[in-house]
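Worksheet: the structure to be examined is printed underneath.
The values are calculated or read from the model by the stated rules, or taken from the named source; none is laboratory data. Remember, it's a predicted structure, so these values are computed and weren't measured experimentally. Reconstructed Cβ throughout: ideal geometry from the backbone, glycine too, with neighbour counts over all protein chains shown. We work out accessible area using only protein heavy atoms, side chains counted, and drop any ligands, DNA or RNA first. Shrake-Rupley method; radii C 1.70, N 1.55, O 1.52, S 1.80 Å.
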Amino acid sequence: MAECTPLSQITNTTSSTGRVGRSWTQRQHTPYTRTPRSRCLTGQGKTVPLARTPQAPRTLSRIKELVNKTWRLYKVTPLYKFDVGSLRKYSRLLSAHLDAEYRKGIAVGVESEVADSARFSLFKGLKGASGDSDAIEITVKAKPKSGQGESKVVLSAILCSVQLPDDAFLFPESFTFLPVMMVKGGVGLTKQIVSWLEHQFDCHITHMSFSPYDLSWMVAMWGGCVPETNSKPVEMMYTVPKEVEGLSRITMTIDAKVCKELWDSIRDPTNNRFTEEEEAAFIKSLESHFFYHFKVKLTAMYLNRVVTSIAVVDSSGRIKFYSDDHVHRVLRHITEVAVEQIQQK
């Protein structure tokens, strides 16, 4: 087996400052004509430690409930005349809708169960800034069709806005903007909830998906976040073009600490924003390292899944949080991407 060249040696080929030239920013499979120049790593207008992000007091926060669960991501346009003071009314209306669908013969649930009640409530701990709207949780319970046994939660959905960019949208006070919805539940029931929300609040809800460029930003921004315990190797999974026979995907795995060293060598510690040049340098270094050993150009592949110590995300919009200390960091970026996708429509 050939001896592996240290990743730092590949990194040092960029420039004396660790920065990259503009030519590196043009990567394959990039669908956007307008790309961000930088992404926020910490609180807007603040300089806070990168290891942690601002959170609600632990006694109030429910962030731990989000960790180690797989969520599907949706983007949501502003809700018209949504009132936090009317959550009980919304609970009754959605419960009545689910019951009516069942009576019409549309089984909202699984074969042995039927959704019979819904509840709207505040989800504490997700506000990243004073201007953010309160996060809203929707839970749906189902009871056995036999009538025996207790109801159980079959769907959880959380609408949130974590440090919404100041220039995201200008809209009247009658609108509430919660651009991200995370859902854990069946596809059929999710469609029913989405349809009801769209009708009730005159909004549009669509499934989020991420391009290779989106995923490269995520792994570049989060690859340097290594918790003191339970750190995970950084993984980048690429889909191989159909023209290549006998191989469907390639997974590159990097030790978390090695990835952190690379991240530190590229990052400007005085800037709380991660720049386009830093993102390009980080990805270029990893792909160059892979090419050095295997003579495979990952730029010709399609990046469709990234894993870091704080989260795993794939191109289909599924996400799983690994660290409750970094949920704000991840959702702040997801909020920013959701707003960009909505604006492009």
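So how many residues does segment 201-230 have that are within 22 Å of residue 308 (Cα to Cα), touching a residue at least 40 places away in the same chain (Cβ under 8 Å) and more than 19 Å from the chain's Cα centre (by Cα)? Steps first, please.
Initially, segment 201-230 is screened for residues within 22 Å of residue 308 (Cα to Cα), giving 208-230.
Now restrict to residues that are touching a residue at least 40 places away in the same chain (Cβ under 8 Å): 208-227, 230.
Adding the requirement that they be more than 19 Å from the chain's Cα centre (by Cα) leaves 230.
Count: 1.
Somewhere in segment 232-242, is a residue among the aliphatic types (A, V, I, L, M), over 22 Å from the mean Cα position of the chain (by Cα) and not in a strand (DSSP E or B)?
Of the residues in segment 232-242, the ones among the aliphatic types (A, V, I, L, M) are 234, 236-237, 240.
Still in the running and over 22 Å from the mean Cα position of the chain (by Cα): 240.
Next, only the ones that are not in a strand (DSSP E or B) stay: 240.
Yes: one or more hits.
For segment 270-278, does any single residue satisfy the condition of being open to solvent by less than 20 Å² (accessible area, probe 1.4 Å), hydrophobic (A, V, I, L, M, F, W, C) and more than 19 Å from residue 163 (Cα to Cα)?
Looking only at segment 270-278, we keep the residues that are open to solvent by less than 20 Å² (accessible area, probe 1.4 Å), and these are 274, 276, 278.
Subsequent filtering for residues that are hydrophobic (A, V, I, L, M, F, W, C) retains 274.
With more than 19 Å from residue 163 (Cα to Cα) added as a condition, the list becomes none.
No, segment 270-278 contains no residue that is open to solvent by less than 20 Å² (accessible area, probe 1.4 Å), hydrophobic (A, V, I, L, M, F, W, C) and more than 19 Å from residue 163 (Cα to Cα).
Residue under question is residue 154, and the condition is that it be within 16 Å of residue 70 (Cα to Cα) and touching a strand residue (DSSP E or B) at 6+ places or on another chain (Cβ under 6 Å); does it hold? Spell out how you get there, then give the answer.
Numbers: within 16 Å of residue 70 (Cα to Cα): yes; touching a strand residue (DSSP E or B) at 6+ places or on another chain (Cβ under 6 Å): yes.
Yes; evaluated as a whole, the condition is true for this residue.
Report yes if some residue within segment 220-230 is part of a loop (DSSP other than H, G, I, E, B), touching an Asp or Glu at 6+ places or on another chain (Cβ under 8 Å) and either more than 30 Å from residue 115 (Cα to Cα) or among the hydroxyl-bearing types (Ser, Thr, Tyr) (or both); otherwise report no. So that I can check it myself, show each step before the final result.
Going through segment 220-230, the residues part of a loop (DSSP other than H, G, I, E, B) turn out to be 223-230.
Among the residues that remain, those that are also touching an Asp or Glu at 6+ places or on another chain (Cβ under 8 Å) are: 224, 227.
Still in the running and either more than 30 Å from residue 115 (Cα to Cα) or among the hydroxyl-bearing types (Ser, Thr, Tyr) (or both): 224, 227.
Yes, segment 220-230 contains at least one residue that is part of a loop (DSSP other than H, G, I, E, B), touching an Asp or Glu at 6+ places or on another chain (Cβ under 8 Å) and either more than 30 Å from residue 115 (Cα to Cα) or among the hydroxyl-bearing types (Ser, Thr, Tyr) (or both).
From (1) in contact with a helix residue (DSSP H, G or I) (Cβ under 6 Å, 6 or more places away or on another chain); (2) open to solvent by 10 Å² or more (accessible area, probe 1.4 Å), pick out the condition that doesn't hold for residue 223.
Every listed condition holds for residue 223 apart from (2).
Looking only at segment 286-338, count how many residues are open to solvent by less than 30 Å² (accessible area, probe 1.4 Å), aliphatic (A, V, I, L, M) and out of contact with any strand residue (DSSP E or B) (no Cβ under 8 Å at 6 or more places or on another chain).
1
Inspect all residues belonging to segment 241-249 and state whether any of them is of a type outside the set (Lys, Arg), open to solvent by less than 40 Å² (accessible area, probe 1.4 Å) and out of contact with any His (no Cβ under 7 Å at 6 or more places or on another chain). Break it down into steps so the answer makes sense when it comes.
Quick first cut of segment 241-249, residues of a type outside the set (Lys, Arg) only: 241, 243-248.
Okay, now just the ones that are also open to solvent by less than 40 Å² (accessible area, probe 1.4 Å), so none.
No, segment 241-249 contains no residue that is of a type outside the set (Lys, Arg), open to solvent by less than 40 Å² (accessible area, probe 1.4 Å) and out of contact with any His (no Cβ under 7 Å at 6 or more places or on another chain).
Show the residue pairs that are 6+ apart or on different chains and have beta-carbon atoms under 6 Å apart, the first residue being within segment 170-190 and under 18 Å from residue 141 (Cβ atoms) and open to solvent by less than 50 Å² (accessible area, probe 1.4 Å), the second being among the basic types (Lys, Arg) and in a strand (DSSP E or B).
The qualifying pairs are 183/72.
When you go through 325, 314, 268, 264 one by one, which is the residue that is at pLDDT 95 or above and of a type in the set (D, E, K, R)?
Working: 325 fails: at pLDDT 95 or above; 268 fails: at pLDDT 95 or above; 264 fails: at pLDDT 95 or above.
Residue meeting the stated conditions: 314.
Quick one: which of 283, 250 is among the β-branched types (Val, Ile, Thr), out of contact with any Gly (no Cβ under 6 Å at 6 or more places or on another chain), modelled with pLDDT of 90 or more and outside any helix (DSSP H, G or I)? First the steps, then the outcome.
Working: 283 fails: outside any helix (DSSP H, G or I).
Going through 283, 250 in turn, just one is among the β-branched types (Val, Ile, Thr), out of contact with any Gly (no Cβ under 6 Å at 6 or more places or on another chain), modelled with pLDDT of 90 or more and outside any helix (DSSP H, G or I): 250.
Can you pull out the residues in segment 191-204 that are outside any loop (DSSP other than H, G, I, E, B) and surrounded by 14 or more Cβ atoms within 10 Å (Cβ to Cβ)? Working first, answer last.
Step one: filter segment 191-204 for residues outside any loop (DSSP other than H, G, I, E, B), giving 191-201.
The answer is 192, 193, 194, 196, 197, 198, 200, 201.
Does residue 237 fit the bill of being farther than 24 Å from residue 71 by Cβ, at pLDDT 95 or above and open to solvent by less than 60 Å² (accessible area, probe 1.4 Å)? It would help to see each step written out before you state the result.
Details: farther than 24 Å from residue 71 by Cβ: no; at pLDDT 95 or above: yes; open to solvent by less than 60 Å² (accessible area, probe 1.4 Å): yes.
So residue 237 fails the test.
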